[in-house]
Structure formats: structure tokens, C-alpha cells
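Peer 1: Here you go, one structure.
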Amino acid sequence: VKALTLCLDDPSAKVRKALARVVAQYENAPRALVWGLAQDIVEVSAEIYGRSVALRSNEFIEAIGRGEPVIEMAIAQRSSLDGPIIRALVNRGSEQAVLKLLGNQNVVLGPGLQYDIATRLGGDADIRAAMLADCNLAASTRQLLVERLSNSLLELTRKNNWGDEQRLSRIANDACNRVAVSIAMKSDPDTM
């Protein structure tokens, strides 16, 4: 253990990264070693947060709170995430991390979490596209994303002065209303 702990001071990030990759596999790895690697530079730390079986839920949540997108993305791609970690990513994770979370096949996001993502990050084109591709998306979330898309397009036309602002607003509003009707027609009676 002492020899491995000395590796924490190795000047080469490649050595520390390789150590992190190995240590992350062991649930009974020495806490000082795991925590030391978790506090290292981002590329080393991401190995621990993305792979370690020794870290606790609150340690992942604390890491998400630091606002480091690379570490958040490593966490979002893990094969097993508990509810509080997912909620922390949804509420505070970067756009890149949330996009990785949406693409994680091992995570099932409930309608409430999907709506929270749409509310917080629905203006991001990549997140919006990933969410709209989900055929199981709740109607209210789908409608919110369509409104965000309409607002983005309307803002683009305003910035580029592509036409009469009132006319463009009417067109955007009409398009949103048509999509709302379409979504409602495809929904079950309770959702409608």
C-alpha cells in the first residue's frame, strides 16, 4: 500500500491515470489511495469517478457540485447510478454530462426527470434532439421541447432580421399549437 501511495506523487499523469484505472476495480482499495486519485488532475480523477466501485453516492454528488464537465461526464456514463446521483446530474450537471446521461442505456429517466431536463436545458439543440428522439417521452415534456425549439428558431430569425417580427411570432405560435394538437391526438385520454 505504501508503494502505491508513493505513486500519487509521480510527476507523470500517465502513471497516475494507469494507477487510477487499476485501483478503481477494487472495492476494498485503500481509501487514502482512492481519494488521493479522485482529487488529482481532471484526467486522473475522471478515471476514478468513471470506474471506481469504492466511492460512495455522496462522493459522486459532491464531485458533480464542483462543476467539472469531464468528471460529470465520467459519472454520467457509469453502468450503475443511484437515484440521488442521477438527480444531481439532472439538476446541476453540465450540458455535456446530461447528454451522456441521456445516452446511457443503463439509466431509465422517469417523466419527472425528463421534464426537469427539458426545463433546465431544453434550449440546448443536442439535448433537445436526444430527448425528442425518445418515443416514450411524456407529452408535456415533448410539448415543452417543441416550444423551446420554436423559441430558438424565432430568436434566430430575429437576430438575422429575416422578416417581420410579428408575422414570425404568429407563425411560430401557430406551429406550436399544431404540434400540441398532434401530440394530444397521439396521447392516451388521461394525458390529453
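The values are calculated or read from the model by the stated rules, or taken from the named source; none is laboratory data. Just so it is clear, the model here is predicted, and its values are computed rather than measured. Because the Cβ atoms are built from the backbone with ideal geometry, glycine has one as well, and the counts that use them run over all protein chains shown. To get the accessible areas, we keep the full protein, side chains included, count just its heavy atoms, and leave off ligands, DNA and RNA. Shrake-Rupley method; radii C 1.70, N 1.55, O 1.52, S 1.80 Å.
Peer 1: Return the residues of segment 112-133 that are open to solvent by 50 Å² or more (accessible area, probe 1.4 Å) and out of contact with any helix residue (DSSP H, G or I) (no Cβ under 6 Å at 6 or more places or on another chain); say none if nothing qualifies.
Peer 2: T119, R120, A125, A129, A133
Peer 1: Quick check, is V107 within 23 Å of the chain's Cα centre (by Cα) and either outside any helix (DSSP H, G or I) or of a type in the set (A, V, I, L, M) (or both)?
Peer 2: Taking the combined requirement at face value, the residue satisfies it.
Peer 1: Same structure again: Quick one: in segment 78-101, which of the residues that are assigned to a helix (DSSP H, G or I) and touching an Asp or Glu at 6+ places or on another chain (Cβ under 6 Å) is farthest from A130 (Cα to Cα)?
Peer 2: Going through the qualifying residues, I end up with V90.
Peer 1: Go through segment 81-110 and give me each residue that's open to solvent by 80 Å² or more (accessible area, probe 1.4 Å) and out of contact with any Ser or Thr (no Cβ under 7 Å at 6 or more places or on another chain).
Peer 2: The answer is R87, R92, E95, Q96, K100, Q105, V108.
Peer 1: I would also like to ask the following. Taking T141 as meeting all but one of (1) open to solvent by 40 Å² or more (accessible area, probe 1.4 Å); (2) of a type in the set (S, T, N, Q); (3) in contact with a Gly (Cβ under 9 Å, 6 or more places away or on another chain), write down the number of the exception.
Peer 2: Unmet for T141, out of (1) open to solvent by 40 Å² or more (accessible area, probe 1.4 Å); (2) of a type in the set (S, T, N, Q); (3) in contact with a Gly (Cβ under 9 Å, 6 or more places away or on another chain): (1).
Peer 1: Quick one: which of I48, I64 is within 19 Å of the chain's Cα centre (by Cα) and more than 16 Å from L89 (Cβ to Cβ)?
Peer 2: I48
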